[in-house]
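To start, the structure under review is shown below, and the notes come after it.
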Amino acid sequence: MRRQLIKVLAGLAVAGLLAGCGFQLRGQSQLPFTAAHVEAARGSALAEGLRQSLRGQDKLTEQSEGAPMRIRLGKESRQKNILSLSGAGKVKEYRLEYRVELSAYNAAGVELIAPAQIYLTREFSYSDTEVLAKEGEEAALNRAMEREALRQILRRLSYLKP
């Protein structure tokens, strides 16, 4: 009985400390425009994530004509480069690179975000004995870079002055 009381009091103390320090979850950025159309290559996971974020704030329009804002995601590319080799000449580390071009225009065609490149890199070790695990790690790193690129795009869009 006494042990349970101590656990409850400890839990309440931790909750009180978290509430008192001002901790709050990161929310979505409020976007300063009423609606936007996303132009991107077919099958782009980044474009689909951006559309989903805009849809979540009820700011996505499917028609480019009449849209208050057009967001253009240009060339999207990935590269995998050898970063280091072992003494035996086998690959020890790789560097993954992810690039995407971003620009935004208002309904009148005025450039709100000049064409800019978002460039992200991640490095990971490689081992011939763990091929499947390393392929999974590579896929996870690629998805993480896409999410980071999406966060950067949303952050840039939130600072626009339409």
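The values are calculated or read from the model by the stated rules, or taken from the named source; none is laboratory data. The structure displayed is predicted, hence computed values, not measured ones. Quick reminder, even Gly has a Cβ in these numbers, built from the backbone with ideal geometry, and neighbours come from all protein chains shown.
Quick grid of which residues meet (1) over 22 Å from R155 (Cα atoms); (2) within 16 Å of the chain's Cα centre (by Cα); (3) among the β-branched types (V, I, T); (4) modelled with pLDDT under 95:
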site: S86; (1), (2), (3), (4): yes, no, no, yes
site: R99; (1), (2), (3), (4): no, yes, no, no
site: S103; (1), (2), (3), (4): no, no, no, no
site: G109; (1), (2), (3), (4): no, no, no, yes
- Message: For segment 117-147, give me the residue count where each residue is in contact (Cβ under 8 Å) with a residue 24 or more places away in the chain, over 16 Å from L83 (Cβ atoms) and outside any helix (DSSP H, G or I).
- Response: 1
- Subset of segment 114-145 [over 30 Å from M69 (Cβ atoms), loosely packed, with under 11 Cβ neighbours inside 10 Å and among the small types (G, A, S)]: A133, A139
- Residues of segment 146-162 being acidic (D, E) and either closer than 13 Å to L96 by Cα or loosely packed, with under 11 Cβ neighbours inside 10 Å (or both), which ones? E146
- Can you tell me how many residues in segment 49-65 are of a type outside the set (S, T, N, Q) and assigned to a helix (DSSP H, G or I)? 6
- Task: Please give the number of the condition F33 fails out of (1) surrounded by 14 or more Cβ atoms within 10 Å (Cβ to Cβ); (2) within 24 Å of N142 (Cβ to Cβ).
- Result: (2)
- Would you call L46 crowded, with 17+ Cβ neighbours inside 10 Å, within 26 Å of K161 (Cβ to Cβ) and touching a strand residue (DSSP E or B) at 6+ places or on another chain (Cβ under 7 Å)? yes
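Yes/no matrix, rows are residues, columns are (1) at pLDDT below 70; (2) among the β-branched types (V, I, T):
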site: R2; (1), (2): no, no
site: L5; (1), (2): no, no
site: G20; (1), (2): yes, no
site: Q24; (1), (2): yes, no
site: F33; (1), (2): no, no
site: V38; (1), (2): no, yes
site: L46; (1), (2): no, no
site: L50; (1), (2): no, no
site: L54; (1), (2): no, no
- Message: Here is a check on your reading of the model: is E146 within 17 Å of the chain's Cα centre (by Cα), farther than 26 Å from F33 by Cα and of a type in the set (D, E)?
- Response: no
- Task: Kindly indicate whether any position in segment 101-111 is under 11 Å from V38 (Cα atoms), touching a residue at least 40 places away in the same chain (Cβ under 8 Å) and in a loop (DSSP other than H, G, I, E, B).
- Result: no
